[in-house]
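The numbers here are math on the coordinates, done by the rules we state, and not lab data. Since the model is a prediction, treat every value here as computed from it, not as a measurement. Here the Cβ positions follow ideal geometry from the backbone for every residue, glycine too, while neighbour counts run over all protein chains shown.
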Amino acid sequence: MSALALALVAAPSLSAPAFAEGTPAPTRANAAAPPSAADLLFEQPQMKNAAPGSTITYDYLRRSGISKGPFGPPLNDTITFRIEAANDPKDAAARNIRVEMFSGLNRVPAGPFEDMPGNPVISLFLENHLRGLARVLEANPRYLKNAIRKGLRDKATVTATKVTVGGREVDGWRVVTKPFEGDAMTERMRGMADMTYTFVTAPNVPGEIVSIEAQSKNAEGGELLEEKLSYDQKAG
């Protein structure tokens with residue numbers, strides 16, 4: 001693998017969910033043994049409960065306390081999915097998805113996605129996050145992506161949790177990983193080797209993704225980066 005300080009290569013296209021791998025397989029929330037993080041996030045038919053004709057909206061936040069603002073000014077925006085029936089009527093779990101990723105000058109081209117059983121918002125969030133992180137660290141985004149994949153495969157904890165949906169609590173899962181902790185290139189992470197990724201899912205939420213967060217703080221507790229996406233229950 002190339003060193004973290006290698007020149008930045010072009011970020012992967014947001015037209016396809018590059019993090020997603022494998023085929024859908026059912027997992028029951030809060031079963032006796034928790035599912036693996038990779039299975040839960042990338043191999044589930046998460047869109048099966050998103051009705052064609054509906055809209056799913058995610059609130060997005062990015063902010064950083066690093067001086068001179070290498071991540072740019074704080075950003076509050078939304079990612080909107082417009083759900084359509086899949087091309088193959090026999091695939092009950094799949095959907096066609098039209099995406100509006102941010103608004104105005106912040107707009108990022110993304111999608112559309114066809115015959116998608118999984119929720120592409122995970123890959124959209126991570127690819128966008130990696131573009132900014134790689135630029136600030138002067139890093140190869142493929143190195144960072146592979147570290148996150150490995151972290152989700154080998155270093156993630158999956159625990160049962162409760163999620164409030166429509167005023168009632170439902171079962172969900174929380175996935176947490178620190179993929180850069182102990183990495184050989186830790187010294188090149190500019191204090192962000194503690195970057196923590198947290199994913200919350202719940203089968204009762206359309207698209208199943210409740211929230212995604214990437215967060216890093218310095219030794220004094222100062223915020224180096226907080227980037228978060230949350231399912232908006234009031235929209236759609």
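Of note:
- Estimated dipole of region 101-188 in Debye, rounded to 20 [Cβ of Lys and Arg +1, of Asp and Glu -1, Cα centre]: 140 debye
- Spatially close lysines, pair count over the chain: Cα under 20 Å, gap of eight or more or interchain: 13
- For the chain: relative contact order, % (alpha-carbon pairs under 8 angstrom, 6 or more apart): 25 percent
- Neighbour cut-off at most 16 other Cβ (10 Å), DSSP loop, GluC sites (Glu not before Pro), region 143-192: Glu181
- Computed over region 139-229, relative contact order equals 19 percent, with contacts defined as Cα pairs under 8 Å that lie 6+ residues apart.
- Listed values (i) 50, 44, 36; (ii) 48, 41, 38; (iii) 58, 39, 32, entry calculated as Cα extents along the principal axes in Å: (i)
- Residues with amide H under 5 Å from that of Val210, placed H, sequence gap 5 or more: Val200, Thr201, Ala202
- Under a model in which nothing but the beta-carbon of Lys, Arg (+1) and Asp, Glu (-1) is charged, the chain shows a dipole of about 220 debye around its Cα centre.
- Residue-averaged [θ]222 nm for the chain, counting only DSSP H segments that reach four residues, each worth -39500 (n - 2.57): -5000 deg cm²/dmol
- Annotation: amide H of Lys217 within the under-5 Å range of Leu224, sequence separation 5 or more or interchain, hydrogens built in the peptide plane.
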